[in-house]
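Everything below concerns the one structure shown next.
The values are calculated or read from the model by the stated rules, or taken from the named source; none is laboratory data. Just so it is clear, the structure is predicted and the values come from calculations on it, not from any experiment. So basically every Cβ, Gly included, is an ideal-geometry build from the backbone, and we count neighbours across all protein chains shown.
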Amino acid sequence: MLYLIEQCLNGIQLGMLLFLLAAGLTLIFGIMDLVNLAHGSLYMLGAYFAATFAALTDSFLAGIGLALLATLVAGMVLEVIAIRPLYGRDHLDHVLGTFGLLLFFNELVRLIWGPAGLTLSLPAEMLSAVQVLPGVYYPLYRLVIILATLMVALLLYALVMRTRIGMLIRAGASNREMVGALGVNIKLLYTLVFGLGAALAGFAGMMQAPLSFVQIGMGENILILAFVVIIIGGIGSIRGAFVAAIIVGIIDTIGRAFLPDLMRHFVSYSAGSSAGPALSSMLIYTLMAAVLVFRPEGLFPAARR
Amino acid sequence: MSGRLSPRNAFVAGVIAILALVPVYAEVTGNTFMVSLFTRIVILAIAAVSLNLIMGFGGMVSFGHAVYLGIGGYAVGILAKEGVNSGLLQWPLAVVVSALFALTVGALSLRTRGVYFIMITLAFAQMVYYVAIGLDRYGGDDGMTIYKRSQFGAAIDLSNKTVFYYVCLALLLATIYLVWRLVHSRFGMVIQGARSNERRMRAIGFPTYRYKLLCFVFAGMLCGLAGVLLANHTDFISPALMHWTRSGDLIVMAVLGGMGTVFGPVIGAVALLVLEETLSGITEYWQIILGPLFLLVVLFARGGIDGLLAGMRHG
Amino acid sequence: MADALLDIDGVSKRFGGVIASDAISLAIPQGELHAIIGPNGAGKTTLIGQLAGEIVPDAGRIRFEGLDITALPIFRRSQLGLARSFQVTSLFLDFTALDNVALAVQAHAGHSFRFWRDARSEPELRTAARAALARVGLAGRGDVIVSNLSHGEHRQLEIAMALATTPRMLLLDEPMAGMGPEESARMVKTLRELKRELTILLIEHDMDAVFALADRITVLVYGRIIASGPPEAIRANAEVRQAYLGEQEEPHA
């Protein structure tokens, strides 16, 4: 039972990271109508920056802070150099073009940091466990992730819904020419939005880094999940992305935790050990398939723009 | 300029001629590695042509097309492990399984469009990838050796490199011809129309979904065949066959070579793999130019190499 | 209303807070050319969207030849004989004009699960396509890539595509959009000829054309019909004048 609660919390934590990625993707897609396959690369860059800066400054927090800045800047530079020519083009061109960027970033990281990958260790204070419920202890750091991303989600909501910049962002989504005609610098707006999306992705990457490895290609696996989240939640809907991210996070985590054992009850031990993880990976995709069959517009489709 | 053979068609003829003569060249120079390299090129060219059927002509970008290389390969591998070595049983089964998988994935994925279609095909491919990793009996993550190539009796001995090469080349040429006819037929017109303007296609009365689905199945079947050949070529199958990066390779081949023609992907396969062979000898970081190069092609030379060549006719 | 070819019965549609169609009821008998006019934002395109099948009404029924088509998929309606043209040109830009129309012909010439024979060499398709092009005045332009045609030719091609599907009724969404006076006059002439054999629902802003062609006119304002009747009645209607015609020049007969 305790194990179940712990896994649920892990699921929520994974869900929050997925939400960060999905939100960035939806933002960029909604406002610039751009499909960005290199989003996972920014996730990876965030992790690499964090590991590097943390090692340089010998401080986890400084590492995170600097890495956030670096990812923001990297995102904006990328937008100016490589993304701008893609606006207004076919979505296929976006996919292919950003795929080229994905290949580039994987190689660039290999060139700069080598093929082995890095680690990012937590400061000692974060290593303790916190009592979340009577008798239930949960790693402090994972809790930090959940709370931090919740805060980011709220900030995002406030930014998009309540500020003038957010209004411009939303207006840009519905009528680009008008906003441009009003004298707002659309180019700058897009650059900032892209930078924001990059920062969100990078933040997710650096949050995740201490829990697993920092390695080449780490972005792609989670990017697929992020897109699955968007499909399940509903294209263009941030609220849908939030709910779907939690669902996907929980199902994936619980599946990985319990399915192998469950399998072993029904089939042989070895078959259960090998088929279990495979099946739990399939769970999410099965859910996605189900959504596509019964409700293709997603669980919380965005209102028509 | 009034000659019947345009620069582009001359180039195509040239490539085919070179492909046909590779074993002869290898025999003469004693460089048997060439046969091995070009067998791989020819097989992946089949896969790239099949991808381009749905991508270039149908506008359906699948990031999970390499899954059929895996399905075809595993069909051969699994049957071989269980003692079934007859190519007459393995190959049709591989193609049928590929067709069924494509039917299932296509039926679900074609309900979406654009990048969502792309990611869903990727997701389904990843699913099969994970299943393959879980198949302990057939090698799991490490893969499995195939000890005996597909048997076709005394007539065709696939363990003979030259014979195998020409079998593959024959299948490539057959694939090109088949796809060419398909693309120009009524069916092909519907597919191309749906790529060009699906809304209009529905407005004039076409139920586009079923045509796209069938096209998706055709492409899967052809790529499954390529998978069969690949497994025979490497005498080895592993989940890595289906990793999304393999699908990415196929996309690069098709785009680089030229998405607008049937032959384009063949050019792309040759170009990419020859480039890989030569450049990796110079530096292990050669791939870093591939990404930006690809982006430039997408931005400025959308028709790929084949497109550039075709433009030279009036150049 | 029993022998109306197209019967629109209480069709309503809202998008969030905006009522695009407000209980629209209209019956169009066979052979009529019925024009729908109204200021921008009146909901004309939404109405066509519902008739064509791209938008599902919130309420109401649409009947074509007695058959309830309210929820029927788009391609089915085309197969039943209801063809539409688009306000914003929607063609196959990278193909020739002939290819474009031939596709429309192909859609109604049996199934397309034919994988071998070159479609461009099928005489049934090409001949019918050429005929449709000729009818709209594009006879010599078949081999031109559509992206190289002029805007006016695009609008003509839109009609040709609709015609090639051998329809019983045409839904034309501003066929004269963006046309100069000469091209418009030609289009009016084309439509007048088509009028003899087809039922037409025409959405237009060009008042000269509307009053020259229409048997009956319906005026739509903010999703509601404010007047419907023969041209003279509409011209004389004070409410219509105020809402709409007053903004335009006085139309000549």
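Worth pointing out:
- Residue check for B:R149: of a type in the set (D, E, K, R) and within 23 Å of the chain's Cα centre (by Cα): yes
- So C:K195, is it of a type outside the set (G, A, S), surrounded by fewer than 22 Cβ atoms within 10 Å (Cβ to Cβ) and free of Cβ contacts under 8 Å to residues at least 60 places away in the same chain: no
- Matching residues, the range C:123-166, being without any contact (Cβ under 8 Å) to a residue 12 or more places away in the chain and either within 11 Å of chain B (Cβ to nearest Cβ) or of a type in the set (S, T, Y) (or both): C:T127, C:S150
- Selection of first residues in the range A:279-299 that are over 23 Å from B:Y129 (Cα atoms) and of second residues that are among the polar types (S, T, N, Q), restricted to Cβ pairs under 8 Å at least 6 apart or on distinct chains, gives the following pairs, ordered by first then second residue: A:P296/B:T112; A:G298/A:S237.
- Boolean, B:I251 is facing chain A (nearest Cβ under 9 Å), assigned to a helix (DSSP H, G or I) and crowded, with 17+ Cβ neighbours inside 10 Å: yes
- Criterion: in a loop (DSSP other than H, G, I, E, B) and within 9 Å of chain C (Cβ to nearest Cβ) - qualifying residue of B:G188, B:G205, B:G193: B:G205
- Yes/no for C:G41 being more than 16 Å from the chain's Cα centre (by Cα), part of a loop (DSSP other than H, G, I, E, B) and on the phi > 0 side of the Ramachandran plot: yes
- Criterion (closer than 20 Å to C:I226 by Cα, in a strand (DSSP E or B), modelled with pLDDT under 90 and away from chain A (no Cβ under 14 Å)) met by exactly one of C:I36, C:I19: C:I19
- Among (1) more than 10 Å from chain B (Cβ to nearest Cβ); (2) on the phi > 0 side of the Ramachandran plot; (3) among the small types (G, A, S), the one test that C:G110 misses: (1)
- Selected residue (criterion: surrounded by the most Cβ atoms within 10 Å (Cβ to Cβ)) from residues of the range C:1-58 that are of a type in the set (S, T, Y) and touching a Pro at 6+ places or on another chain (Cβ under 8 Å): C:S21
- Considering C:V210, C:V221, the condition of being surrounded by 14 or more Cβ atoms within 10 Å (Cβ to Cβ) and either modelled with pLDDT of 90 or more or not aliphatic (A, V, I, L, M) (or both) is satisfied by C:V210 alone.
- Qualifying residue in the range B:232-248 (condition: more than 30 Å from B:Q90 (Cα to Cα), of a type in the set (G, A, S), within 14 Å of chain A (Cβ to nearest Cβ) and crowded, with 21+ Cβ neighbours inside 10 Å): no
- In this entry, C:I55 is excluded by the filter for residues that are assigned to a strand (DSSP E or B), in contact (Cβ under 8 Å) with a residue 40 or more places away in the chain and either more than 13 Å from C:L220 (Cβ to Cβ) or assigned by TED's automatic domain parsing to the domain that holds C:S21 (or both).
- Considering only residues in the range A:81-105 that are surrounded by fewer than 23 Cβ atoms within 10 Å (Cβ to Cβ) and more than 8 Å from chain B (Cβ to nearest Cβ), the one that is modelled with the highest pLDDT turns out to be A:I81.
- Condition met for C:M169 (within 12 Å of chain B (Cβ to nearest Cβ), closer than 26 Å to C:Q50 by Cβ and surrounded by 21 or more Cβ atoms within 10 Å (Cβ to Cβ)): no
- Of the residues making up the range A:190-247, those that are within 14 Å of another protein chain (Cβ to nearest Cβ), of a type outside the set (S, T, N, Q) and part of a loop (DSSP other than H, G, I, E, B) number 5.
- Residue in the range C:60-72 that is among the hydroxyl-bearing types (S, T, Y), surrounded by 15 or more Cβ atoms within 10 Å (Cβ to Cβ), farther than 19 Å from C:M161 by Cα and within 14 Å of another protein chain (Cβ to nearest Cβ) present: no
- Filter result for A:L72 (under 20 Å from A:G117 (Cβ atoms) and surrounded by 20 or more Cβ atoms within 10 Å (Cβ to Cβ)): no
- Taking the range B:206-221 as the range and being within 27 Å of C:G81 (Cβ to Cβ) and either touching a helix residue (DSSP H, G or I) at 6+ places or on another chain (Cβ under 9 Å) or among the hydroxyl-bearing types (S, T, Y) (or both) as the test, the residues that pass are B:F206, B:P207, B:T208, B:Y209, B:Y211, B:K212, B:L213, B:L214.
- In the condition set (1) surrounded by 14 or more Cβ atoms within 10 Å (Cβ to Cβ); (2) assigned to a helix (DSSP H, G or I); (3) more than 9 Å from every other protein chain (Cβ to nearest Cβ), C:A104 is compliant with all but (3).
- The set of residues from the range B:231-248 being outside any helix (DSSP H, G or I) and among the aliphatic types (A, V, I, L, M) comprises just one member, B:I237.
- For the range A:29-57, filtering for residues that are more than 13 Å from the chain's Cα centre (by Cα), crowded, with 24+ Cβ neighbours inside 10 Å and closer than 13 Å to A:V193 by Cβ leaves 2.
- Count of the range B:97-119 residues, restricted to those that are under 19 Å from A:I224 (Cα atoms) and either more than 7 Å from chain A (Cβ to nearest Cβ) or not in a helix (DSSP H, G or I) (or both), is 8.
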